[in-house]
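A.B. asks: Got a structure for you, written out below as structure tokens; questions coming shortly.
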Amino acid sequence: LFFRSGSFFKHAAREIQKIEVVKYFPFSHENSLKEWEEKIFRGKVIYRIEKNQSLDYVRATSNKTASALYYRLKLDAKRKSPVISWKWNVDEFPEKKGEENLETEKEDDFAARVYVIFPAFFFTNSKVLEYVWAQTLPEGLIGTSPYSKNIKLIVARSGPNKEKKWFTENRDIIADYVKAFGVKPEYDIGAVAFMTNTEHTGTSADAMYDDISLGYKEDKKDVK
């Protein structure tokens, strides 16, 4: 099993008074990926830092491959309110022959995924929130992974992105967890990850990731 999102923190500061940033990944230099580890499922996806005018980001290119980059960290998910923000862009989606579905293994390929991982002492008890960019499924749809009931997929973005735009996602992790699992987290957050994969369809995909940020929010009612 497995944030330079300034707009999120500026907006959040107005709405909930305070954000404590725990870890921020701007991907602004060539060695930015050295602190990330790789999990290979089938072949290696090419992850590389690119610069385009004023932008620095990670480009992920998958050709019949599936491997994820993950970073270990500790976030309190039982007593605090963790949040995550990131930017992403998709150039090419995997070609699916059947109708897109979150819960079937046959064509379980997505151009872009971001994971929040809640590891347990016993590996099989670990929980995962997996945010995906789908092509046709509606935003907000939640499904169970074909690999484990403990992995919940959430469609955070949908559509073909014909204009190749960047989008910023801001997620309340606890709220999403409760929607997906029906209860509050039993374990703390132990890692964040992202992946582009095409091993099931045997096609290719190309996506970009940037400004992954994690932190805690403080609700208004808690501000004295």
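The values are calculated or read from the model by the stated rules, or taken from the named source; none is laboratory data. This is a predicted model, so every value here is computed, not measured. No Cβ is skipped: glycine too gets one built from the backbone with ideal geometry, and neighbour counts run over all protein chains shown. With ligands, DNA and RNA removed, areas are computed over all heavy atoms of the protein, side chains included. Shrake-Rupley method; radii C 1.70, N 1.55, O 1.52, S 1.80 Å.
A.B. asks: If only one of E50, E103 is open to solvent by 20 Å² or more (accessible area, probe 1.4 Å), among the charged types (D, E, K, R) and in a loop (DSSP other than H, G, I, E, B), which one is it?
C.D. replies: From the options E50, E103, the qualifying one is E103.
A.B. asks: Still on this model: Pull out all pairs, ordered by first then second residue, where Cβ-Cβ is under 9 Å, the residues are six or more apart or on different chains, the first lies in segment 32-48 and is of a type in the set (A, V, I, L, M, F, W, C), and the second is open to solvent by less than 90 Å² (accessible area, probe 1.4 Å) and assigned to a loop (DSSP other than H, G, I, E, B).
C.D. replies: L33/F27; I40/T65; F41/T65; F41/E199; V45/T65; V45/T198; I46/T65
A.B. asks: Let me ask something else about it. Among the residues of segment 130-137, is any hydroxyl-bearing (S, T, Y), open to solvent by 60 Å² or more (accessible area, probe 1.4 Å) and closer than 20 Å to V90 by Cα?
C.D. replies: Yes.
A.B. asks: Sort out which residues of segment 8-37 are among the hydrophobic types (A, V, I, L, M, F, W, C) and modelled with pLDDT under 90, and write them in order of number.
C.D. replies: F8, F9, A12, A13, I16, I19 - these are the residues of segment 8-37 that are among the hydrophobic types (A, V, I, L, M, F, W, C) and modelled with pLDDT under 90.
A.B. asks: Quick check on segment 181-199: of everything there that is surrounded by 19 or more Cβ atoms within 10 Å (Cβ to Cβ) and more than 15 Å from the chain's Cα centre (by Cα), which residue is farthest from P94 (Cα to Cα)?
C.D. replies: P185
A.B. asks: Same structure, new question: Looking only at residues in segment 38-59 that are touching a strand residue (DSSP E or B) at 6+ places or on another chain (Cβ under 6 Å) and either at pLDDT below 95 or charged (D, E, K, R) (or both), which one is farthest from S126 (Cα to Cα)?
C.D. replies: Result: E50.
A.B. asks: Please pick out the residue among E105, E100 that is more than 14 Å from the chain's Cα centre (by Cα), over 28 Å from E163 (Cα atoms) and of a type in the set (D, E).
C.D. replies: None of the other options fit; the residue is E105.
A.B. asks: For the structure I just gave you, tell me whether R72 is surrounded by fewer than 19 Cβ atoms within 10 Å (Cβ to Cβ), in a strand (DSSP E or B) and not hydrophobic (A, V, I, L, M, F, W, C).
C.D. replies: It is true that R72 is surrounded by fewer than 19 Cβ atoms within 10 Å (Cβ to Cβ), in a strand (DSSP E or B) and not hydrophobic (A, V, I, L, M, F, W, C).
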